[in-house]
Amino acid sequence: MTRRDLLKSVGAITAAVAGASVSRTAMAALPEPVIQTSPNTMDPLVPTTGRPYNPVVTLNGWTLPWRMNNGVKEFHLVAEPVVRELAPGMNAHLWGYNGQSPGPTIEVVEGDRVRIFVTNKLPEHTSVHWHGQRLPNGMDGVSGLTQPSIKPGQTFVYEFIARRPGTFMYHPHADEMVQMAMGMMGMWITHPKEAHPHIAEVDRDFCFLLNAYDIEPGSATPKIMTMTDFNLWTWNSRVFPGIDPLVVRKNDQVRIRVGNLTMTNHPIHIHGHEFTVTGTDGGPIPLSARRPEVTTDIAVGQMRQIELLADEEGDWAFHCHKSHHTMNAMGHDVPTMIGVDHSGLMQKINKLVPDYMVMGDRGMADMAEMQMPLPANTLPMMTGQGPFGGIEMGGMFSVFKVRADQAKGDYTDPGWFTHPKGTVAYEWTGPTPESHHATPAPAGAEVELQVKKPATHQH
Ligand SMILES: [Cu+2]
């Protein structure tokens, strides 16, 4: 199945009734929770009630529908164990909301009164903190501090007015280390209620969360005690090549909102364009404080909103610039073998260990093409096939696809870019001058070493 087909096969949104532990009378007043089982990027949810706005596209995610009840937007989040496909070939047993990790994006308009029902179907208590919001203290979702925790089977109600336009996040503030390591988080977008001097109208508006997991190859549940050494660096709980491309039409004004709920910072980098950082979770950045960038670092607990004019056609890499974050699961305790000659050694080792493979004697690129037997339920470390060969990426990597012939509002993957004749790097086939610098000394030749001794000083 191609990625194009994947995008087209829109997953079914199914309504399901929440846990039997919630009493039927209570349920009668609750909006039915909407459950999403597909990891595909869903079309933006165009609002049919309330103030109109230009909806966002959640990368490999979706927006939670609401019910309008006497002018109040009512949402129903269900905290529950979920199975998330990180990329075709690997499913993770996570915790999330409404069938997915991360949970659905919540989209509202500045000034909206919002009521969110949160049902806990986890084996332990939880709460939801509305990161970045102005709200009454008792709605802030810090269990123990501003509310009792939501016990398994209980449903709590949060209600406040979305006072400030911007990009926010939600996540538990109860057994946080475990619950965030298990994938409990989501995005929240508050659109401005009218033209705002620091919030531009855009043609495409993407959002996603940076998250990370430590899942041992062959297993499915994250190790929740891991603090720094994660092995799966994800965007919305997906790794490349499971992350959908960001598809835009040439000359679209594009906004991308990226929140970081991992344990480390991520310098997010785009090729072929410059962007402007236009907002943080503190709000829109004044025009006078903006500057062009091609990489912006997103620290833990931060959101960065970037904007650009997509005026260069092509398939542009878009990724975290920490090179270990664009790789999939594999131990990092592999020694550097570049320059080590293994000839002869392989046969000897293979007599003892038949599956043994030498890694990295010419760099690690061989790994991308290697047919090493993988344990069940894991992914190659570096992978993805492009039109010119292996892309040798994993983790936090996607492709920003700019096309002149993409229809307005069409997010279908257009396939690989067709380069105009004469615009692709090519092999030089003429004579090459010999390099004198790096020629190694012939075997047995005397090597003259010039050592300069440090001067000794006596005082
Ligand atoms: Cu990173």
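The values are calculated or read from the model by the stated rules, or taken from the named source; none is laboratory data. On a predicted model such as this, the values are computed, not experimentally measured, just so you know. Glycine also receives a Cβ, built like all others from the backbone with ideal geometry; neighbour counts cover every protein chain displayed.
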Next item on the list: Write out, first by first residue and then by second, each pair whose Cβ atoms fall under 6 Å of each other, whose residues are 6+ apart or on separate chains, and whose first residue, in the range 35-51, is under 18 Å from Leu209 (Cα atoms) while the second is part of a loop (DSSP other than H, G, I, E, B) and of a type in the set (Phe, Trp, Tyr).
Entry: Gln36/Trp62; Met42/Trp62
Next item on the list: Considering each residue of the range 203-222, count those that are part of a strand (DSSP E or B) and either over 30 Å from Val254 (Cβ atoms) or within 16 Å of the ligand (Cβ to nearest atom) (or both), and give that number.
Entry: 6
Next item on the list: Look at Ala220 and say whether it is crowded, with 24+ Cβ neighbours inside 10 Å and modelled with pLDDT under 95.
Entry: no
Check: Taking into account only those residues within the range 394-408 that are small (Gly, Ala, Ser) and within 16 Å of the ligand (Cβ to nearest atom), which is surrounded by the most Cβ atoms within 10 Å (Cβ to Cβ)?
Finding: Gly395
Notebook entry, point to check: Which residue pairs have Cβ atoms closer than 8 Å, lie 6 or more positions apart in sequence or on different chains, and pair a first residue in the range 389-404 that is under 9 Å from Val239 (Cβ atoms) with a second residue that is aromatic (Phe, Trp, Tyr) and away from the ligand (no atom under 16 Å from the Cβ)?
Noted result: none
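Would you check which residues across the range 228-243 are more than 30 Å from Gly409 (Cα to Cα) and either assigned to a strand (DSSP E or B) or not polar (S, T, N, Q) (or both) and list them?
First pass over the range 228-243, keeping only residues more than 30 Å from Gly409 (Cα to Cα): 228-232.
Within the range 228-243, Asp229, Phe230, Leu232 meet the criteria.
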Notebook entry, point to check: From Met225, Met184, which residue is part of a loop (DSSP other than H, G, I, E, B) and over 20 Å from the mean Cα position of the chain (by Cα)?
Noted result: Met225
Item checked: Among (1) surrounded by fewer than 20 Cβ atoms within 10 Å (Cβ to Cβ); (2) of a type in the set (Ser, Thr, Tyr); (3) more than 16 Å from the ligand (Cβ to nearest atom), the one test that Thr278 misses -> (1)
Notebook entry, point to check: Among the residues of the range 64-117, which ones are outside any strand (DSSP E or B) and among the acidic types (Asp, Glu)?
Noted result: Glu110, Asp112
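Please enumerate the residues belonging to the range 293-331 that are among the hydroxyl-bearing types (Ser, Thr, Tyr) and either under 24 Å from Trp188 (Cα atoms) or touching a strand residue (DSSP E or B) at 6+ places or on another chain (Cβ under 7 Å) (or both).
Thr295, Thr296, Thr326
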Check: Does the range 290-297 contain any residue that is surrounded by 14 or more Cβ atoms within 10 Å (Cβ to Cβ) and in contact (Cβ under 8 Å) with a residue 60 or more places away in the chain?
Finding: no
Margin query: Restricting to the range 255-299, and then to whatever is of a type in the set (Asp, Glu) and out of contact with any His (no Cβ under 8 Å at 6 or more places or on another chain), can you tell me which residue is farthest from Phe318 (Cα to Cα)?
Written below: Glu293
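Picking from Pro47, Pro55, Pro102, which residue would you name as being touching a Phe, Trp or Tyr at 6+ places or on another chain (Cβ under 9 Å) and surrounded by fewer than 24 Cβ atoms within 10 Å (Cβ to Cβ)? I'd like the intermediate steps shown before the answer.
Details: Pro55 fails: touching a Phe, Trp or Tyr at 6+ places or on another chain (Cβ under 9 Å); Pro102 fails: surrounded by fewer than 24 Cβ atoms within 10 Å (Cβ to Cβ).
Going through Pro47, Pro55, Pro102 in turn, the sole match is Pro47.
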Notebook entry, point to check: Within the set of pairs 6 or more residues apart or between chains, which connect a residue that is more than 11 Å from Gln305 (Cα to Cα) inside the range 259-287 to a residue that is within 10 Å of the ligand (Cβ to nearest atom) and among the acidic types (Asp, Glu) with Cβ atoms less than 7 Å apart?
Noted result: Asn265/Asp297; Pro267/Asp297
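With the requirement that a residue be within 19 Å of Glu74 (Cα to Cα) and assigned to a strand (DSSP E or B), what does the range 148-166 give you?
Of the residues in the range 148-166, the ones within 19 Å of Glu74 (Cα to Cα) are 150, 154-165.
Across the range 148-166, the qualifying residues are Ile150, Thr155, Phe156, Val157, Tyr158, Glu159, Phe160, Ile161.
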Check: Does Glu194 meet the test of being under 30 Å from Val402 (Cα atoms) and either of a type outside the set (A, V, I, L, M) or within 13 Å of the ligand (Cβ to nearest atom) (or both)?
Finding: yes
Notebook entry, point to check: Taking into account only those residues within the range 242-268 that are buried (at least 18 other Cβ atoms within 10 Å of the Cβ) and over 19 Å from Pro44 (Cα atoms), which is farthest from the ligand (Cβ to nearest atom)?
Noted result: Gly242
Check: Asn231: at pLDDT 95 or above, within 16 Å of the ligand (Cβ to nearest atom), crowded, with 23+ Cβ neighbours inside 10 Å and polar (S, T, N, Q), yes or no?
Finding: no
